[in-house]
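Participant: Just passing along the structure, written as structure tokens.
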Amino acid sequence: MNKYISKLKLDTLYGLLILLLLWQLLHMGMKSSVIPNPYLSVMRFFELLPVTLLPHMLASLVRIVGAIVISIISGVALGLFIGVNDKADKLISPIVYVLYPVPKIAFLPVFMILFGLGDTSKILIVTAIIVFQIVVTTRDGVREIPKGLFYSARSLGMNGLELYRHLIIPAVMPKIITSLRISIGTSIAVLFFSENYATRYGIGYFIMNCWTFVNYVDMFAGILALSLLGYLLFKLVDYMEAKFCRWVMIAKDGARSV
Amino acid sequence: MIDVKNLAVHYDSERALDDVSFAIEKNTTCAIIGPSGCGKTTLLYCLAGLLAPKAGNVSVNGQPIEGIRKETAVILQDYGLFPWKTVWKNVSLGLQVRGIDKKQMKQLVEDILRELGIEQYKHKYPMELSGGQKQRVAIARALALKPDLLLMDEPSSALDAITKEHLQNLILKLYKAHPMTIMLVTHSIEEAVFLGQRIIIMDKGKIRAILDNPYFGDEDLRNKQDFYDVCLKVRQSMNSGEQNE
């Protein structure tokens, strides 16, 4: 068993306990129904989970995973392309830089008009927001590969595709994982916002709906569900890192013990 | 085996190599020595087919070099190991790229790891190894290809004095066990004299002198006066150039 995977589990338990403790303190300190009792909320979460929450979570999950998959495939492909090809970089990077800081979320109405009120517009707005991050980190990752490694790869007789397989993709993998981690937080936030419109499914809709009914315990059960969703995606990324970037984990360990 | 004629390489307006010519016989060794920036690494890259010369010809076994040659192995200065691959995968990489079948590849890699005494590290990553161990992995990766020409760029420059001598002894031993032509670039006079049957002295992109080293091949050479005599000769011909200017 990969020791980095088993270590993840202990860290999780510790973090969870601290979180519950803080929630309880806040609940006792605020004395407001807006911060309900954590115990009641957690029980309510499990009660609602099978029939009510699960379909909402599933709807949100499909949208997030869809957006992430599209962003990774297109973002990494474009990032690699402009990272390797200087001419393409000169043509494309200025466009990426201009678009990067534009608050794409403001275009949600435009997306809904162009791509319909359904899942497509929600997936695309999330994609539009996170894809830039992935393009830029991938491109920078390619540029940071030491020149010596390219010589080394070529001296072994590698051609174009083999260079990607043995050198470029493994070298940028840790960067992709990092940008993925950042993207997950962002994508959940954006999704929550977009699910306030034109849908009856999705955990964002559920939370805001409970709010309008002043049902704070249910609302917190929804927040728990959304957090769980984010948490699971986060852990999936950790797992991918432990699996595909073992050398990075070993390097981090080494750096800590020195 | 190696024939270099009127080789020239320019970086922008700077001349890295200028009208370099020499020939090296098959299954001999040659050390190229000179100060930093003298063009010795550029010369090695041209021999490896990693750099295209501006003018002149490089041929190996009568074939002009136009890119990477299958039977040439290169060990780069910083070892050129891939940090994301284990020792085993690094060593097998060249074979994998050449499309050698898995069973044969496994045998070749196991044999070479054993020969170099790094079998126990096969599941480790390069960053978990010392400099000397990394250099052995790089040598294993090169020898796994069963090259007829081995090019080395400063094989021991990053190692401490003791490890350096061990490594030089190892290279000599491997040369005797596997007939091949070896060219190595170094800035250490002792290394050049210990490992070079012929010593090319370079400065400012040109060849200053070519010396033959009759004592090459003696594993005990460092303990003999002859060794220091040749070292002195190399040192003098390196210095003579400086005084002429």
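Readers should treat all values here as calculations from the given coordinates under stated rules, not as data from a laboratory. Note that the structure is predicted; figures quoted are calculated from it, not measured. A quick note on method: Cβ atoms are made from the backbone with ideal geometry, for glycine too, and the neighbour counts reach across all protein chains shown.
Participant: Over all alpha-carbon pairs in the stretch A:4-157, figure out the percentage whose distance exceeds 26 Å.
Facilitator: Of the Cα pairs, 57 percent sit more than 26 Å apart.
Participant: How long, wide and thick is chain B, going by the Cα atoms along their three principal axes, in whole angstroms, largest first?
Facilitator: For chain B, the Cα spread along each principal axis is 56, 42, 30 Å.
Participant: Excluding residues fewer than 8 places away in the same chain, name every one of the aspartates and glutamates whose C-alpha is closer than 20 Å to that of residue B:164.
Facilitator: Hits, sequence-local ones excluded: B:78, B:115, B:128, B:153, B:154, B:190, B:191, B:218, B:219, B:220.
Participant: Restricting to Cα pairs below 8 Å that are 6+ residues apart, what does the relative contact order work out to for chain B? Please round to a whole percent.
Facilitator: With pairs under 8 Å counted, the relative contact order is 26 percent.
Participant: Within the stretch A:177-258, list the trypsin sites (Lys or Arg not before Pro) lying in a DSSP loop whose Cβ has at most 13 other Cβ atoms in a 10 Å radius.
Facilitator: Of the trypsin sites (Lys or Arg not before Pro), the ones in loops of the stretch A:177-258 whose Cβ has at most 13 other Cβ atoms within 10 Å are A:200.
Participant: Would any residue of the stretch A:40-66 have its amide N under 17 Å from a label point 7 Å out along Cα→Cβ of residue A:236? List them or say none.
Facilitator: It comes to A:54-66, nothing else.
Participant: Hey, got the dipole for chain B? About the Cα centre, +1 on K and R Cβ, -1 on D and E Cβ, debye to the nearest 20?
Facilitator: That gives a dipole near 900 debye.
Participant: Per residue Cα convex hull volume for the stretch A:72-151, in cubic angstrom?
Facilitator: Dividing the Cα hull volume of the stretch A:72-151 by its residue count gives 86 Å³.
Participant: Moving on to the next point. Rank these for me by crowding, A:178, A:138, A:212, going from fewest to most other beta carbons within 10 Å.
Facilitator: A:212, A:178, A:138
Participant: Placing +1 on the Cβ of each Lys and Arg and -1 on the Cβ of each Asp and Glu in the stretch B:79-146, which of B:135, B:99, B:113 has its Cα farthest towards the positive end of the resulting dipole?
Facilitator: B:99
Participant: Let me ask another. How much length is gained on full extension from residue B:224 to residue B:107, taking 0.36 nm per residue of separation minus their Cα-Cα distance?
Facilitator: Result: 38.1 nm gained on full extension.
Participant: Using +1 at the C-beta of Lys and Arg and -1 at the C-beta of Asp and Glu, which of A:214, A:48, A:103 has the Cα lying farthest in the positive direction of the dipole of chain A?
Facilitator: It is A:103, whose Cα lies furthest towards the positive end.
Participant: In Å and from the alpha-carbon atoms only, list the Rg and Dmax of the protein assembly as shown.
Facilitator: Just the Cα atoms of the protein assembly as shown yield Rg and Dmax of 30.7, 97 Å.
Participant: Here's something else I'd like to know. Give the angle, between 0 and 90 degrees and rounded to the nearest 10, that separates the Cα long axis of helix A:3-30 from the longest principal axis of the Cα atoms of chain A.
Facilitator: 40
Participant: Could you tell me the calculated FRET efficiency between residue B:178 and residue A:99, based on Cβ-Cβ distance and R0 = 41 angstrom, to the nearest 0.05?
Facilitator: After rounding, the FRET efficiency stands at 0.10.
Participant: In addition: For chain A, what's the relative contact order in percent, using C-alpha pairs closer than 8 Å and at least 6 residues apart?
Facilitator: 27
Participant: Just the C-alpha atoms of the stretch B:175-245: what Rg/Rh do they give, with Rh taken as the Kirkwood radius?
Facilitator: Using only Cα positions, Rg/Rh for the stretch B:175-245 is 0.99.
Participant: Which of the three applies to chain A, rounded, prolate or oblate, going by the alpha-carbon gyration tensor with a ≥ b ≥ c and a/c under 1.5 meaning rounded?
Facilitator: Oblate, since a/c reaches 1.5 and b/c is not below a/b.
Participant: Same structure, new question: Quote the convex hull volume per residue of the stretch B:79-146, based on C-alpha atoms, as a whole number of Å³.
Facilitator: Expressed per residue, the convex hull around the Cα atoms of the stretch B:79-146 is 75 Å³.
Participant: A follow-up question, please. What is the order of B:115, B:25, fewest Cβ neighbours within 10 Å to most?
Facilitator: By the 10 Å Cβ count, ascending, the order reads B:25, B:115.
Participant: Another question about this same structure. Please give the helix A:169-194 orientation as an angle from the longest Cα principal axis of chain A, in degrees from 0 to 90, rounded to the nearest 10.
Facilitator: Compared with the principal axis, the helix lies near 30 degrees.
Participant: Here is a follow-up. Mind checking which of A:44, A:143, A:165 has the largest fluctuation in a GNM of chain A, springs on alpha carbons under 10 Å?
Facilitator: Judging by the Gaussian network model, the answer is A:165.
Participant: Excluding residue B:95 itself, calculate the net charge of residues whose Cβ lies under 14 Å from the Cβ of residue B:95, where each Lys or Arg counts +1 and each Asp or Glu counts -1.
Facilitator: +4
Participant: What does the charge add up to near residue B:180, with Lys and Arg as +1, Asp and Glu as -1, over the other residues with Cβ less than 11 Å from its Cβ?
Facilitator: Taking every other residue near residue B:180 into account, the sum is +1.
Participant: A further question follows. Would you mind counting up the charge near residue A:67? Only other residues with Cβ under 13 Å from its Cβ, with Lys and Arg at +1 and Asp and Glu at -1.
Facilitator: +1
Participant: On C-alpha positions alone, give me the angle between the axis of helix B:161-177 and the longest principal axis of chain B, in degrees, nearest 10.
Facilitator: Its long axis makes an angle of about 80 degrees.
Participant: What is the order of A:245, B:231, B:38, fewest Cβ neighbours within 10 Å to most?
Facilitator: Listing A:245, B:231, B:38 from fewest to most nearby Cβ atoms yields B:231, A:245, B:38.
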